[in-house]
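Accompanying notes for the structure given below.
The values are calculated or read from the model by the stated rules, or taken from the named source; none is laboratory data. None of the values given here were measured: they were computed from a predicted structure. Counting neighbours? That spans all protein chains shown, and the Cβs are built from the backbone with ideal geometry, glycine included.
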Amino acid sequence: MPLGATEQHGPHLPLGTDSLIGAELAARAARRLGRAFAAPVLPFAASAEHRDFPGTLSLSHETVAAVVTDLCTWLHDRGLRRVAVFSAHGGNRRALELAAAAVREGTTVLLDLPAVAVGAGDAHAGRDETSMLLTLAPRTVRPVTATGYTGRLDARAWEVLTTAGVRALAPNGVLGDPSGASAELGEELLEALATAIAEALREPP
């Protein structure tokens, strides 16, 4: 079960960026696992840090956790032996922590996407996400005209993000540098992430 979001991704990416990426990663990971299927992506997230940008829709962490828990219970009750959840939106981590404490046995909740060796590792609407969108939906990507916040995402920066919101750190809503993005890098990232997710889910819950 992939979690996405509906939130700003700078002036160059669509609101559904995380949902597009999450759905694709789930489909690719399911193919690698075999005898698995990808549930539709949950397109709404805990995105309050993006509140100052138009188009963003947000739920509370508690609501996201409750929806995830209910859906996992529903799938188990329909006879699925194992259910797994991950999020393509980093802001869902607290919601996933709450869900992980509430779901029944046989549910795996990945709190973070696995680390992979390719990509820039930028946080939001930077080179990595822009590259993946150039692979998945190139017509939705506008020309990159400016970088975003490229400083360290240390404790101080995270405090600004979680209290004042993204705009206080990055006026254009971008955490990273999207220049240099490419569809080739996007494909590498999608393959590496899907493989890493599948490997993580092969371990017992």
(request) Can you tell me which residue within the range 170-193, out of those that are part of a loop (DSSP other than H, G, I, E, B) and not small (Gly, Ala, Ser), is farthest from residue 129 (Cα to Cα)? (result) 171
(message) If I filter the range 148-157 down to residues being at pLDDT 90 or above and either surrounded by 13 or more Cβ atoms within 10 Å (Cβ to Cβ) or in contact with an Asp or Glu (Cβ under 7 Å, 6 or more places away or on another chain) (or both), which single residue comes out as farthest from residue 124 (Cα to Cα)?
(response) 157
(request) Would you tally the residues in the range 23-50 being touching a Ser or Thr at 6+ places or on another chain (Cβ under 7 Å) and either part of a helix (DSSP H, G or I) or basic (Lys, Arg) (or both)? (result) 4
(request) Kindly provide the set of residues from the range 34-57 that are buried (at least 16 other Cβ atoms within 10 Å of the Cβ) and farther than 15 Å from residue 89 by Cβ, ordered by number. (result) 38, 39
(message) Looking for something touching a residue at least 40 places away in the same chain (Cβ under 8 Å) and surrounded by fewer than 18 Cβ atoms within 10 Å (Cβ to Cβ) - is there at least one such residue anywhere in the range 2-12?
(response) yes
(message) Criterion first (β-branched (Val, Ile, Thr), surrounded by 13 or more Cβ atoms within 10 Å (Cβ to Cβ) and touching an Asp or Glu at 6+ places or on another chain (Cβ under 7 Å)) does residue 174 satisfy it?
(response) no
(request) Name the residue, out of 113, 133, 96, that is touching a strand residue (DSSP E or B) at 6+ places or on another chain (Cβ under 9 Å), under 22 Å from residue 21 (Cα atoms) and assigned to a loop (DSSP other than H, G, I, E, B). (result) 113
(message) Contact list please: Cβ distance under 6 Å, first residue in the range 175-195 and at positive phi, second residue among the charged types (D, E, K, R) and outside any loop (DSSP other than H, G, I, E, B), pairs at least six apart or on different chains.
(response) 180/127
(message) I'm trying to understand the selection: among the residues of the range 148-169, which are outside any helix (DSSP H, G or I) and either touching a residue at least 24 places away in the same chain (Cβ under 8 Å) or within 20 Å of residue 87 (Cα to Cα) (or both)?
(response) 148, 149, 150, 153, 165
(message) Against the conditions (1) modelled with pLDDT of 95 or more; (2) within 18 Å of the chain's Cα centre (by Cα); (3) closer than 30 Å to residue 69 by Cβ, where does residue 103 fall short? Just the number, please.
(response) (2)
